[in-house]
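> The structure is given below, and queries will be raised subsequently.
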Amino acid sequence: MSAGLQWLVVVVVVLLLGTIATVYIQRVLRQRDETRAGIAALAGTSWREFIHLVLQALSRRGFERVFDHEIAAGDKDYTLERDGRRWLLSCKHGSAFVLGNATVNDLSNDIRLANASGGFLFTQGRISNEARKTAADRNIELLDGATLWPELRDLKPEQLAAIRAGAERRARQRIAVAWLLALLVGIAVYFAIADRSPTSIGTSPAAPVSSDAPAPAADAGPETDTAATENVDDSPGPAPTVASPQEQREAVVGAIATLPMVDRALWATQSTLEVHLLDVSEDAMPSICPLVERYPDLAASRILLTPPPGSGLQVRFRQCRTY
């Protein structure tokens, strides 16, 4: 994979992760933070202020209070009326409440005794799923913290503005961290791609050298062998006339691929010929060099001999001729 394509993959990964995180933070976490802060604000209000907000919200739906009376635990029930039909309202003030079937059954009994059409049960706390099923059968609307806050938040604009500002500030902090993490993931992806790229010899024995200039034989390590330049009796003879360097390289690859100890051959760079061997029982260079030396422009090319998989041998750089 080319360097340009690697960077394109990195940019796509970073943008994708950062965008997904931003959308999730803005649409889910920010709303969750706002709701939690709103519930806490409602729980911190007085009973009078809370019930006033609830009645004001229900008045938007057309419900008007008829009368109220005190009940145990200091809470208050209210009788509401709309279109000539009566409804009972019960509120549990406090975020620690977890209301279950018992509370719904109590309100249901009150509705029956008052000959009302239905009722409302509001709390800043939580209502169990079991209670919700019971309430649905008895025409009782339930609103707990997560669903109650959207009903009441617009009734206190100054408090809502402060809550939203705090939620937005936390969202920006999370987004900054998310993009930083996305950038780190992108860097990790870049190095992962680079490690697997065929242009890196350090991690793949068959990887070609990126430099087009042939290195001196001494730089190829102790296994560099120029002795293969000795004359071979079975020389294939002079090279045919070839029009271009590219055609010369193709001719060399085709000729080397026919050798019995060779699996395949390819040009890794313009000056590096990669030869994959099938048999390493004998030195392949005496057979390879005559085919390369037929073309003077290619005679000093570096030969990258890659042994068969599982042979335990290392890749070796060889040269048929040095400048």
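> Determine, from the Cβ-Cβ distance of A194 and D263 and an R0 of 22 Å, the FRET efficiency 1/(1 + (r/R0)^6), rounded to the nearest 0.05.
E between A194 and D263, to the nearest 0.05, is 0.25.
> Further question: Which of rounded, prolate, oblate describes the stretch 264-306, given a ≥ b ≥ c as roots of the alpha-carbon gyration tensor eigenvalues and a/c under 1.5 marking rounded, otherwise prolate only if a/b is larger than b/c?
Since a/c reaches 1.5 but b/c is at least a/b, the shape of the stretch 264-306 is classed as oblate.
> Per residue, how many Å² of accessible area does the stretch 34-148 show with a 1.4 Å probe?
Value for the stretch 34-148: 51 Å² per residue.
> Can I ask one more? With an 8 Å cut-off on Cα pairs and a minimum separation of 6 or more residues, tell me the relative contact order of the stretch 6-131 in percent.
Across the stretch 6-131, relative contact order equals 19 percent.
> For the stretch 4-134, what is the convex hull volume of its Cα atoms per residue in Å³?
161
> Treating the beta-carbon of each Lys and Arg as +1 and of each Asp and Glu as -1, no other charges, what is the dipole magnitude of the stretch 78-188 about its Cα centre, to the nearest 20 debye?
So the dipole magnitude of the stretch 78-188 works out to roughly 360 debye.
> With charges set only on the Cβ (+1 for Lys and Arg, -1 for Asp and Glu), what does the dipole of the stretch 7-129 come to about its Cα centre, in debye to the nearest 20?
Using Cβ point charges on Lys, Arg, Asp and Glu, the stretch 7-129 gives about 360 debye.
> In addition: Using a 1.4 Å probe on the protein chains only, how many percent of the accessible area of the stretch 237-323 belongs to carbon and sulfur?
Carbon with sulfur: 52 percent of the solvent-accessible area.
> Please sort 247-255, 120-128 by packing, taking for each peptide the average over its residues of neighbouring beta carbons within 10 angstrom, highest first.
The packing order, highest mean first, is 120-128, 247-255.
> With a cut-off of 8 Å between alpha carbons and a minimum separation of six or more residues, what is the relative contact order of the stretch 270-323 in percent?
41 percent.
> Whenever you get a sec, compute what percent of the accessible area on the stretch 1-133 sits on carbon and sulfur atoms (1.4 Å probe).
The computed percentage sits at 55.
The values are calculated or read from the model by the stated rules, or taken from the named source; none is laboratory data. Because the structure is predicted, anything quoted here is derived from the model rather than measured. Don't worry about glycine lacking a Cβ; one is built from the backbone with ideal geometry, like all the others, and counts go over all protein chains shown. Heavy atoms of the whole protein, side chains included, go into the accessibility calculation; ligands, DNA and RNA do not. Shrake-Rupley method; radii C 1.70, N 1.55, O 1.52, S 1.80 Å.
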